[in-house]
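Asks: Input: one structure, supplied below.
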Amino acid sequence: MKIDHSQLDPAVSSVRELNAPDSLLKRIGQKIGRSTDTKHTGGSKMAARDALRMIGSLEDSDLGFFWITDEHGNLTYISKSAEDAFGRPLDEIEGSSLSNLFSSQTSGENQQHSLPFILTKQRKFIELPFKAEIDKDDVWWELSGIPQFDENDAFVGFFGIGEDISEQRSAEDEENRLIHFDSLTGLSNRASMSKTLESTLASFRQQKRACALMQVDLDRFKLINDTLGHPAGDTLLKHVSERLMRIVSGNGEVARIGGDEFQILLPDWDDRGNLSDMANAIISSISQPYTVEGSRCVIGASVGIAISPFDGRTPDDLIRSADMSLYAAKGAGRGRFSFFSEKLLETVNERKVLEDDLRDALKKGEVILNYQPLVKSENDKVSCFEALMRWKHSERGFISPEIFIPIAEETKLVLELGAWAIQQACEDATKWPGKVRVAVNVSPIQFADSRLPQVVSKALKDTGLDPDRLELEITESVFLEETSETEDMFAALKKLGVRLALDDFGTGYSSLSYLQNAPFDKIKIDQSFVRGSSEPGSRNGAIIAAIVALADALDMDTTAEGIEAHDELEWIKSLNVSQIQGYIYSKPIPHEDVLNQFKKGEWAIEPVGPALQRADRMSIFRKVRLIFGDNCEPCVVRNLSKTGALIEGLMCLPKGTKLVVDLGDGQLAVATVRRSDDNQMGVEFEQRLISDGFGGLCTRRRVSPYLMAAAGLPMAN
């Protein structure tokens, strides 16, 4: 196309004005090796020729284009290169509106209006980005324009230049993505999540809204890195990220905050029932096997949960609470979740003290074994005892195994304690009549210790116990790291002649391959299948029946754990389980009581328990407040279950009285008095409590500290 010089002459000054140090023409000059210094050294004709020469060089270089519009924004001139850039014939482009070449999408910190709006302002604009209106994705042009006026100062249009900045924008977008997203998984990174959390909490604080934060840490991930290498570990992290995204879906944001740690922000989530469901789903999903580079990998996960504003109103406070919850979950045995509560602060401080005391417990004779009977289902006769470790602290009294066993495993003290338990159980069993067996739990840490067969062999040799009378109960978690060492350990133990039982079957990483490859003699069905038996729509009966049929086909015994009520007992017996264990027959008892029972000969136990299954009750001493009418009175909870509580210390209220039990920390449970005598009341909750993930119970929701304060009750810290 022939260039109209009459149109270009007035543009010489505009070319000078656009030629800022970082302008397009200066960059073009650097690329083609020519000076673009437009300092006026001769007449106007010379300046015009220099300007035309530069314009021609620019157009020939395909690095940009020139454009001219009339007063209406319609193109009167555009460089030939625009034909290819926009994929349209030049004669079709000329005469059309410049704005039609670009979409309404704009970008840039200084870009607040569309191109048509900018053109109507009749002002200079420099290097503004606009997305091209073409079929290709992410094609961006940077436009600069100078308004033109005639000798009467009437606006006659724009003169401008354009440059394709698609590659530059792509690089900037990638750089921006790397700043805010984890390069390996594509999830938000720590910095991005930190900003999101800060803005969310600031906004929600004003709106009196809640949000939850989950800290997720992978268990046994380091083993994968060490054995299969970091590339395999990276692949595994990608799989974990995908599973987390599927579970969280559109409910919140998932971030990888470093290594094998993840963070999940859930706006408007404060129902601890829903949060526990999600935490369990995360743990279950992440714990399912992976295939990485042809190898089968199994890891686990622990989850800590904190809820704002109850557990922290600032990002630092909320993260600290979630971290503490995660630490508690991992300390309680991993593969579980924990909500934050004030008692965790006490737990953290006491844990170190208990660890030190546990190191001396064996020497002081504070550790003992109690024995819980397992009876034959057809005649209620005792056929085996499970040895259960108990720690009677010299000052604190009995310490729950749920507390000291995780400490023992984390500190590897479980190796010493486990060896002692096997030795002591074998010695005690030699004093029992007939072929009554003893079962001893083996920790996964013990199972991974190459010295375990020697420990068992020594105990059998020292005591003279028939190996067939010793059962070693092993949980499914030993299969998390299936290696040749696992198979060798099974072979070594079976060579000694002892029996092997698969404990807590169905609760973890169940696979039929375990039963096919490992030489088990018994399957122990976890009590969680029994507990849900009476609930409407429960499929537990079908599951247990299938396990029993499978065990029979493989010539294995079965034991059902945790039977407490007669309806459970009748149901379990109808499913042809071999052995039954639970409080309906006996709690764990000292060895002296076992010997006294056997003095009478065979021990057949008559089951004693409630007719119907009921919620688990825990004996506690917990100070609470009762709110009824206009009164708020202190009292004490003596036992607590998901459905109710036994309360004392208050003049008893009549049956049917409605009240609120303030359990602390914003936990208000509406209840009805069902039993009332002397200074004790039995109350039933309107809504069941749920597990707090740490062996306790909590309400599904908490009352906002803002509402508590408005009601005149203490506001949570």
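The values are calculated or read from the model by the stated rules, or taken from the named source; none is laboratory data. Just so we're clear, the structure is a prediction, and the values are computed from it rather than from any experiment. Cβ placement follows ideal geometry from the backbone for every residue including glycine, while neighbour counts extend to all protein chains displayed. The area values use the complete protein model at the heavy-atom level, side chains included, leaving out ligands, DNA and RNA. Shrake-Rupley method; radii C 1.70, N 1.55, O 1.52, S 1.80 Å.
Asks: What number comes out for the charge environment of Ala306, summing +1 per Lys or Arg and -1 per Asp or Glu over other residues with Cβ under 13 Å away?
Replies: Working: positive: Arg272, Arg313, Arg320, Arg702; negative: Asp270, Asp311, Asp316, Asp317, Asp323, Glu342, Asp665, Asp692.
Net charge around Ala306: -4.
Asks: Which residue, Ile305, Pro373, Val353, has the largest displacement toward the positive end of the dipole of the range 303-384 when charges sit on each Cβ (Lys, Arg +1; Asp, Glu -1)?
Replies: Positive-most Cα among the choices belongs to Pro373.
Asks: Accessible area of the range 298-346 with a 1.4 Å probe: how many percent of it is carbon plus sulfur?
Replies: Result for the range 298-346: 53 percent of the exposed heavy-atom area is carbon or sulfur.
Asks: While we're looking at this one, here's another question. Could the peptides 661-672, 219-230 be put in order, highest first, of the mean number of other beta-carbon atoms found within 10 Å of their residues?
Replies: So the peptides 661-672, 219-230, ranked by packing, come out 661-672, 219-230.
Asks: Taking all pairs of different Cα atoms in the range 190-253, averaging 1/r and flipping that mean, what Kirkwood radius in angstroms comes out?
Replies: In the range 190-253 this quantity evaluates to 14.2 Å.
Asks: Something else now. Taking a probe of 1.4 angstrom, what is the accessible area of Cys426 in Å², to the nearest 10?
Replies: 0 Å²
Asks: For the range 193-254 and the range 291-351, write down the distance between their C-alpha centroids in whole Å.
Replies: 13 Å
Asks: Please report the net charge: other residues with Cβ closer than 11 Å to the Cβ of Lys392, K and R +1, D and E -1.
Replies: +1
Asks: Sticking with this structure for a sec: Please give the contour-minus-distance gain from Asp567 to Ala604: 0.36 nm per residue of separation, less the Cα-Cα distance, rounded to one decimal in nm.
Replies: Gain on stretching Asp567 to Ala604: 11.3 nm.
Asks: While we're here: Over the range 358-428, what relative contact order in percent results from Cα pairs under 8 Å that are six or more residues apart?
Replies: With pairs under 8 Å counted, the relative contact order is 27 percent.
Asks: Still on this structure: Once ligands and nucleic acids are excluded and a 1.4 Å probe is used, how much of Phe155 is accessible, expressed in Å² to the nearest 10?
Replies: That residue has around 40 Å² of solvent-accessible surface.
Asks: Would you mind checking Lys623/Lys658; Lys352/Lys412; Lys431/Lys599 for any pair whose Cα atoms are more than 18 angstrom apart?
Replies: Numbers: Lys623/Lys658 20 Å; Lys352/Lys412 14 Å; Lys431/Lys599 11 Å.
Over 18 Å Cα-Cα: Lys623/Lys658.
Asks: Now for a different question. Counting only protein heavy atoms, what percent of the accessible surface of the range 371-516 is carbon or sulfur at a 1.4 Å probe?
Replies: Here carbon and sulfur together make up 49 percent of the probe-accessible area.
Asks: Could you give the C-alpha radius of gyration of the range 386-459 expressed as a fraction of 2.2 N^0.38 Å, taking N as the number of residues it contains?
Replies: 1.19
Asks: Placing +1 at every Lys and Arg Cβ and -1 at every Asp and Glu Cβ, with all other atoms neutral, what dipole size does the range 434-488 have around its Cα centre, in debye to the nearest 20?
Replies: Values: 6 positive and 12 negative charges, 99 e Å.
About 480 debye.
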